[in-house]
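Quick notes on the structure that follows.
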């Protein structure tokens, strides 16, 4: 995948999960969301236009996060700038954390592969309390939910929230955000007792249909490289690896 396309998808993904606090430093986005998810509490360093020299940038980043009680954290993809930033951070003792796969697919192919699900999927333009409660319970890193709810409400592009429900209770959820011909798929989760029933497949199919209605022709998503169950679903749906990113986190007891 070209660097330009990586840059675009990274920008779209940032718009799809907007941090409430953002400080710009010569194109770098310093993001803070009271610790809710790594992405929203990390630097997106994909533009480096003017502004301070690198040493000053790094110091400003550390000060930004220190004021908020978090270690400095960078999201490093092939779009990170300046070139060699990952090596600079490694030399400074920043630890490498996680490896996230970014997968892409043609939307039409996904819809063809996921047809004929018998499950009824509920779709809405905003999450209700039951959807939010399921997200917090299943994904486990959203705190008391107030900040996450604010972030979801702050999404600029169209967003769709899908769920499979029985007796009113969501058993599987997911969301999608459509922008500029792409739709990102996020927050896919199924409660433990309902796994293996094809509910995740049904949610993904419904989100693909929603994305088509909102002008998307391609889908992307992010998944931990060790999430084997999710990877099986996405590969069967036609997703292929496009690139990876990881985090660099400042050393120390809180890093």
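The values are calculated or read from the model by the stated rules, or taken from the named source; none is laboratory data. This structure is a prediction, so every number in the text was calculated from the model and none was measured. Cβ sites come from the backbone with ideal geometry, for glycine too, and all protein chains shown count toward neighbours.
Looking at the range 237-255, which of the residues that are more than 21 Å from residue 89 (Cβ to Cβ) and in contact with a helix residue (DSSP H, G or I) (Cβ under 7 Å, 6 or more places away or on another chain) is surrounded by the most Cβ atoms within 10 Å (Cβ to Cβ)?
237
For the range 198-219, which residues satisfy the criterion of being part of a strand (DSSP E or B) and buried (at least 24 other Cβ atoms within 10 Å of the Cβ)? So that I can check it myself, show each step before the final result.
Narrowing the range 198-219 to residues part of a strand (DSSP E or B): 218-219.
The answer is 219, and nothing else.
Residue by residue through the range 141-165, note down the ones that are without any contact (Cβ under 8 Å) to a residue 24 or more places away in the chain and either closer than 25 Å to residue 195 by Cα or loosely packed, with under 14 Cβ neighbours inside 10 Å (or both).
144, 145, 146
Of the conditions (1) within 30 Å of residue 213 (Cα to Cα); (2) outside the structural domain of residue 227 (by TED's automatic domain parsing); (3) free of Cβ contacts under 8 Å to residues at least 60 places away in the same chain, residue 124 satisfies every one except a single condition; which number is it?
Among (1) within 30 Å of residue 213 (Cα to Cα); (2) outside the structural domain of residue 227 (by TED's automatic domain parsing); (3) free of Cβ contacts under 8 Å to residues at least 60 places away in the same chain, residue 124 violates only (2).
If residue 30 passes every condition in (1) closer than 19 Å to residue 154 by Cβ; (2) in a loop (DSSP other than H, G, I, E, B) but one, which one does it miss?
So residue 30 meets the others, but not (2).
Might you let me know whether the range 83-101 holds any residue that is in a loop (DSSP other than H, G, I, E, B), within 30 Å of residue 211 (Cα to Cα) and outside the structural domain of residue 176 (by TED's automatic domain parsing)?
no
Could you list, in sequence order, the residues of the range 109-136 that are surrounded by fewer than 13 Cβ atoms within 10 Å (Cβ to Cβ) and assigned to a helix (DSSP H, G or I)?
Across the range 109-136, the qualifying residues are 112, 129.
What is the number of the single condition among (1) outside the structural domain of residue 11 (by TED's automatic domain parsing); (2) within 17 Å of the chain's Cα centre (by Cα) that residue 80 does not meet?
Condition not satisfied by residue 80: (1).
When you scan the range 16-24, do you find a residue that is assigned to a helix (DSSP H, G or I) and either free of Cβ contacts under 8 Å to residues at least 24 places away in the same chain or surrounded by fewer than 17 Cβ atoms within 10 Å (Cβ to Cβ) (or both), even just one? First the steps, then the outcome.
Step one: of the range 16-24, the residues assigned to a helix (DSSP H, G or I) are 16.
From the residues that got through so far, the ones that are either free of Cβ contacts under 8 Å to residues at least 24 places away in the same chain or surrounded by fewer than 17 Cβ atoms within 10 Å (Cβ to Cβ) (or both) too are none.
No, every residue in the range 16-24 fails to be assigned to a helix (DSSP H, G or I) and either free of Cβ contacts under 8 Å to residues at least 24 places away in the same chain or surrounded by fewer than 17 Cβ atoms within 10 Å (Cβ to Cβ) (or both).
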